[in-house]
1. Please state, as a whole number in µm²/s, the translational diffusion coefficient that the Stokes-Einstein equation yields for the range 1-82 at 10 °C and 1.306 mPa s, with Rh defined as the Kirkwood radius across alpha carbon pairs.
2. If the only charges are +1 at each Lys and Arg Cβ and -1 at each Asp and Glu Cβ, what is the size of the charge dipole of the chain around the Cα centre, to the nearest 20 debye?
3. Take every DSSP beta bridge with both residues inside the chain and express the antiparallel ones as a percent of the total, to the nearest 5.
4. Charges on Cβ only, +1 for Lys and Arg, -1 for Asp and Glu, centred on the Cα centroid of the chain; of Phe131, Ala217, Pro160, which one is farthest towards the dipole's positive end?
5. Which sequence of Leu108, Leu245, Leu206, Leu180 reflects their accessible areas, 1.4 Å probe, from the largest down?
6. Please list the radius of gyration and Dmax for the range 1-145, considering alpha-carbon atoms only, with Å as the unit.
7. Using the Kirkwood radius over Cα pairs, work out the Stokes-Einstein diffusion coefficient for the range 120-226 at 37 °C and 0.692 mPa s, in µm²/s as a whole number.
8. I need the per residue convex hull volume for the range 138-287, using only the alpha carbons, in cubic angstrom as a whole number.
Amino acid sequence: MPVRNGERTIDATIESLLACDYPASEREILIVDNGSSDGTAAAIRAHPVTYLYEPERGVSNARNRGIAAARGEIVALLDGDCVVVPEWMTEITQPFEDAAVGCVAGELENLPPRSAAERQAERMLGRWQRFAFYSNPPYAVTANAAFRREVFEQIGGFDPGMPRAQDVELGRRFHERSDLRLGFSPGAVARHRHTATASHFFRQQLGWAYGSGLLAARLASDERVPPPKLSYVTVTARGLGTVLLTCARGRGERVWLEDAWFSFLRQLAWFAGIHAGRLRGAARARF
């Protein structure tokens, strides 16, 4: 599990892992500190888990550090702001009893929202692991997933050149290079804490869009990630204006305003992010 500057969330995550019903003698919990500058390292070391340090920034680097250090035949992945149910380890590993399964996607739910940004993320994403699982090609959101070690040995680890959308890129390699299949475990539930402020929400969306643009440039396929249109941004901007006017007249509801505001931020982030990612990806391809 990678984490950077997660001192406020890491205790709950680790405590939920330690409370899992999986035999302690048959598991290891590795937490990768990805260059934290707060109290994350001390928080990790306060628990009976393995502390690892990866100075090279980027979740791909951190995950690869953990994968390399892990000793088990099954390598499970989790985000540092998730809380798992007690049966998570049992449920995430059970599908591997089928020798044809090489990767298992666990269910992603949301922790109770505490801010407008978190409420919008909950409305927008829902149980987004299912969206990934039924995509074409399917992939696992690696905030909650597990792989056979042999899969990484066959297809390689996470691509450090993908600062975002690295799980989508890994999923494509799994689909193309492995004969094993993707499984889904609805009982392996991890509850995710979303970004708490509008600025965090915008940066998150911008990062996801940038990663999608990089991947689109690499695939040279406009069909898979259509370039966003400026009209999408202007439509949501007009919608925001309409809702603001309605609320000013005392006829609106707060949820309308939240949805309009964050929809505008999302469209703006995806317009800028995908174009930036495409340009960056095209520049890399030329050299």
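The values are calculated or read from the model by the stated rules, or taken from the named source; none is laboratory data. Just so it is clear, the model here is predicted, and its values are computed rather than measured. Glycine also receives a Cβ, built like all others from the backbone with ideal geometry; neighbour counts cover every protein chain displayed. Note: areas computed on protein heavy atoms with side chains; ligands, DNA, RNA excluded. Shrake-Rupley method; radii C 1.70, N 1.55, O 1.52, S 1.80 Å.
1. My calculation gives 125 µm²/s for D.
2. The calculated dipole for the chain is roughly 1460 debye.
3. Working: 11 of 26 bridges.
The antiparallel fraction comes to roughly 40 percent.
4. Farthest towards the positive pole: Ala217.
5. If we order Leu108, Leu245, Leu206, Leu180 from most to least accessible, we get Leu245, Leu206, Leu180, Leu108.
6. 15.4, 44
7. Taking Rh from Cα pairs, D becomes 217 µm²/s.
8. Normalising the Cα hull of the range 138-287 by residue number yields 145 Å³.
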